Amino acid sequence: MRNPPDDTAPLNSPPARGRGRGRAVRAAASADSPSPDPSREREGNEPVRKCILSGERDVRPHLVRLALSPDGQILPDVRAKAPGRGAWIGVTRVELEAAIKKGKLKGALSRAFKTGEFIIDPELPAKIEAALERNALDRLGLESRSGTVLIGSDRIEQNARQGKLKALYHASDAAEDGNRKLDQAWRIGNDVEGSGLRGLALPVSRTILALALGRENVVHIGLTDRAAAKRVSEALDRWLHFIGPEPSSVSCETASQGASASPQNGAPPIQQASGSTGTRPAVDMTEEFE
């Protein structure tokens, strides 16, 4: 299982992904003990589901649900609200596109839905990406309206130096010197100067962030509330994992979520791992769908 949350550690998005994720769930039961009902597996308060393409298990907020519409279309259900049965995937867009091309997604969905009467739109990967981006930006907007988001370099820097910042994000078109200034303030506030701790560069511009938050000129975003930072982190995690590995200049921190931890001794930052390759056969088990 993941390490318990550290209330003092900075919380930044996204957690690292890779083949090792979810294996702790399977290791929770002793080899000599009876196998638990897969459909009842939980990690903390979250039910665990299995990706129909990679076979990896993870909690629902880290996966994407696919739903079968009444007219036979396979549609993304990123908020897991659509009625009926659904199948879960945790692969990247590149892996999903390969699975569609090779017919593996069709086979996995046929087993999950117990039918072959459905249509996979060639634009499904693009639709999933758009839905995940919208969900992540909507979450930032909700947190902004609830008063948990900080904008403005001076305000963010002040809170960062005081050790109050739990997450830090930069627009894709933010100036490097501005990023470095806030990153340094964050390290000072967390007493980890010389480490690789720094804010996460989002793949959207300041214009898009301003529209999402209903503010003007949003170049940097800070969160001081741990619960809000966790909610934002989970929404961003699914989006950024799906679109693929981050640029090498961006680090991922979140020891409290079992993710790649921030280097504390001047070592290079640990980068986000890509997802599984999607080449493992699908397994028809109850936790794969609802």
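The values are calculated or read from the model by the stated rules, or taken from the named source; none is laboratory data. On a predicted model such as this, the values are computed, not experimentally measured, just so you know. Counting neighbours? That spans all protein chains shown, and the Cβs are built from the backbone with ideal geometry, glycine included. With ligands, DNA and RNA removed, areas are computed over all heavy atoms of the protein, side chains included. Shrake-Rupley method; radii C 1.70, N 1.55, O 1.52, S 1.80 Å.
Of the GluC sites (Glu not before Pro) found in the range 127-223, those that fall in a DSSP loop while having at most 11 other beta-carbon atoms within 10 Å are Glu193, Glu216. Here the Karplus curve 6.51 cos²θ - 1.76 cosθ + 1.60, taken at θ = phi - 60°, turns the phi angles of the range 122-133 into couplings of x, 8, 4, x, 5, 5, 5, 4, 5, 5, 5, 4 Hz, with x standing for Gly and Pro. Its relative contact order, with pairs defined as Cα atoms under 8 Å and 6+ residues apart, puts the range 44-118 at 30 percent. Simple spin-label estimate for Arg85 and Gln184 gives 5.8 nm between the two label positions (7 Å along the Cα-to-Cβ direction from each Cα). Think of a 1.4 Å ball rolled over the protein heavy atoms: the range 62-121 then has 49 Å² of accessible area per residue. Under 5 Å from the amide H of Asp173 lie the amide H atoms of Arg206, each residue being 5 or more positions distant or on a separate chain, with H modelled from the backbone and absent for Pro and chain starts. Calculated accessible area for the range 174-253 comes out at 40 Å² per residue, all protein chains present (probe 1.4 Å; ligands, DNA, RNA ignored).
Whole-Hz Karplus values for the range 94-105 come out as 4, 5, 5, 4, 5, 5, 5, 4, 8, x, 6, 5 Hz, taken residue by residue from phi with 6.51 cos²θ - 1.76 cosθ + 1.60 and θ = phi - 60°; glycine and proline positions read x.
Estimated translational diffusion coefficient (Stokes-Einstein, Kirkwood radius over Cα pairs, 25 °C, 0.890 mPa s) of the range 137-205: 197 µm² per second. Close amide H pairs (under 5 Å, H built 1.01 Å from N) link Leu200 with Leu168, Tyr169, His170, residues at least 5 positions away or on another chain. Between Val48 and Glu41, Arg42, Glu43, the built amide H atoms are under 5 Å apart, and every one of these is 5 or more places off in sequence or on another chain. Couplings 3J(HN,Hα) for the range 77-87, derived from phi with the Karplus relation 6.51 cos²θ - 1.76 cosθ + 1.60 (θ = phi - 60°), are 10, 5, 9, 6, 10, 5, x, x, 7, x, 10 Hz, where x marks Gly and Pro. Classified by the C-alpha gyration tensor, the range 161-238 has an oblate form. Its axis ratio a/c, with a ≥ b ≥ c, is 1.5 or above, and a/b does not exceed b/c. Rounded to the nearest 20 debye, the dipole magnitude of the range 99-226 is 580 debye, with +1 charges on Lys and Arg beta carbons, -1 on Asp and Glu beta carbons, and the Cα centre as origin. Modelled spin labels at Ala227 and Lys164, positioned 7 Å past Cα toward Cβ, are 1.8 nm from each other. Set the bar at 23 Å for Cα to Cα. Now go through Lys50/Lys166; Lys104/Lys230; Lys102/Lys127; Lys106/Lys230; Lys81/Lys127; Lys81/Lys230 and name every pair that lies beyond it. Where the Cα-Cα span goes over 23 Å, the pairs concerned are Lys50/Lys166; Lys104/Lys230; Lys106/Lys230.
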